[in-house]
Amino acid sequence: MFEKLTAVCTAVMLALAASCSTAEAGTRSFYWVSHGSPADPVWTYFLAGAQQWSEDTGHTVNTSFHNGDVASHQEAVRAAIAAGADGIVTSSPDPGSLVQVAREANEEKIPIINMNTPDPTASFDAYVGGDLVDTGRQWARYLVDKGLVDSGDFVWLPVEVPGATYGVQEEHGIASVFEPRGITWEVTDATLDQAEVIARMVDYTTANRDRIDAIIGLGDLVTGSIKRVFDQSGIAPGEIPVVGWGNSLDTTQEVLNGYVNAAMWQDPLAISYVALSLAAMSASGIPAGFDVTTGALYEADTAQIYDDILAGE
C-alpha cells in the first residue's frame, strides 16, 4: 500500500512540476469542461480547484458547465480543439458520449484528461477521480456490514440525472453487493434544481415511507438534501440509514448531526487541480500513462475534517 501511495505522490509531484515549468515558458490555454451544473454545490469546489490551478501556474483555464446536455458538452470539447487548446480536462456526461471527440483531440495531439466520471471506452490520456463502481460497492457493503439492510429489504437510490455516467456506474457497484443477498432497490430522478430535488424526494418518502429500509444518494444534491427532506417528511435523524456522496457542507453537517450515516469524500478541488497538472505535463511532452484515484468514506468521527475543508478553514 505504501509503495502504491508513494508512486501516486511522485506522479502528482512530477505533474505539478511540469505545470510550473510551463508557466515559466509562457502562458498556455487549457479547457475545463463539466457535465454538471453551476448550481450544484460540489461543482463549485471542482471549479475552485481549476481556478486555483490557474492562479498558481499563470495559465489560462477556460471553464464551462453543460447541465447534462451531451450535445452541448461535445461541442464545447470540439470548440477547445478548434481553438488549439494546450490541453483539455473533461468529465463524461454519458457512457460512450465522448468517444469520438476524444479521438479528435488525439488526432490533433491535444492532451485530453478525463475527470470525475470515468469512461474507459474513450481514448483519454488519463483519469483523475473516484472509481464509481467501487464507490457504489462501498456504500452497499457499508449498509450490509453494519447490519443496516438484509435479505428482502428495499433501498431507495435517488439521483439527479437518470442515465448519467456516475449514477449508472454507482448502481453497478451497488447491484454486485445487493443482488446476491436478495436486497432490492429503485433509482428515481430528482433533477439538478435543489428546490425540485427536495420536492420530489419529499413526495417519494411520503408515498413510500413504509417500504424504505435505507437510502443511497447517488449524487451530492440528493444526499445534501436529506435533512430538509426528513424534516419535511417527519422522519427523525437516523430513523432511515443513509449513505451517499459527501462533497458539500450540507452533507458534512448531516453526517455530524446523524441524518447521514456515512458519506464519500471525492476530493473535488484536488481532482481539478491534478487533472489540469496532468494536462500541462502531457503538453510538455511527458505522457500521462497512469490514473489517479481519489475518495474516502467518512462517518461522524471524521466528518469535521471535510467540513473544515469545505468551509475554507
Packing-ranked peptide list from 203-213, 85-95, highest mean Cβ count within 10 angstrom first, is 85-95, 203-213
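Which value in deg cm²/dmol, rounded to the nearest 500, describes the helix-derived mean residue ellipticity at 222 nm for the chain, given -39,500 (n - 2.57) per DSSP H run of n ≥ 4 and division by the residue count? Could you put the intermediate results ahead of the total?
Working: 12 runs with 151 residues, N = 313.
Counting only the DSSP helices, I get -15000 deg cm²/dmol.
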Quick note, region 132-265: a/c under 1.5 would make it rounded; otherwise a/b > b/c is prolate and the rest oblate (a ≥ b ≥ c, C-alpha gyration tensor); here it is rounded
Once you order the gyration tensor axes a ≥ b ≥ c over the Cα atoms, which shape class does the chain get: rounded for a/c under 1.5, otherwise prolate or oblate by comparing a/b with b/c? prolate
Taking the alpha-carbon centroid of each part, what is the distance from region 76-145 to region 281-313 in angstrom? 17 Å
Sort the following peptides by mean Cβ neighbour count (other Cβ atoms within 10 Å, averaged over residues), highest first: 286-292, 161-167. 161-167, 286-292
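Within a 10 angstrom radius of the beta carbon, how do V42, V168 rank from fewest other beta carbons to most?
V168, V42
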Give me L157, L276, L249 ranked fewest to most by other Cβ atoms within 10 Å of their Cβ, as a rough exposure proxy. L249, L157, L276
Cα gyration tensor shape for region 202-310, rounded if a/c is under 1.5, else prolate or oblate: prolate
When the dipole is taken about the Cα centre of the chain, and only Lys, Arg (+1) and Asp, Glu (-1) are charged at their Cβ, what size is it in debye, to the nearest 20? 360 debye
Most positive-pole-ward Cα, L148, M264, Y166, against dipole of region 132-265 from beta carbon charges: L148
Report, by chain and number, residues whose modeled amide H sits under 5 Å from the one on D153, excluding near sequence neighbours (fewer than 5 apart, same chain). T184
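Throughout, read-outs are computed from the coordinates displayed, never taken from laboratory work. What you see is a predicted model; the values in this text were computed from it and never measured. Neighbour counts run over all protein chains shown; Cβ positions are idealised from the backbone, glycine included.
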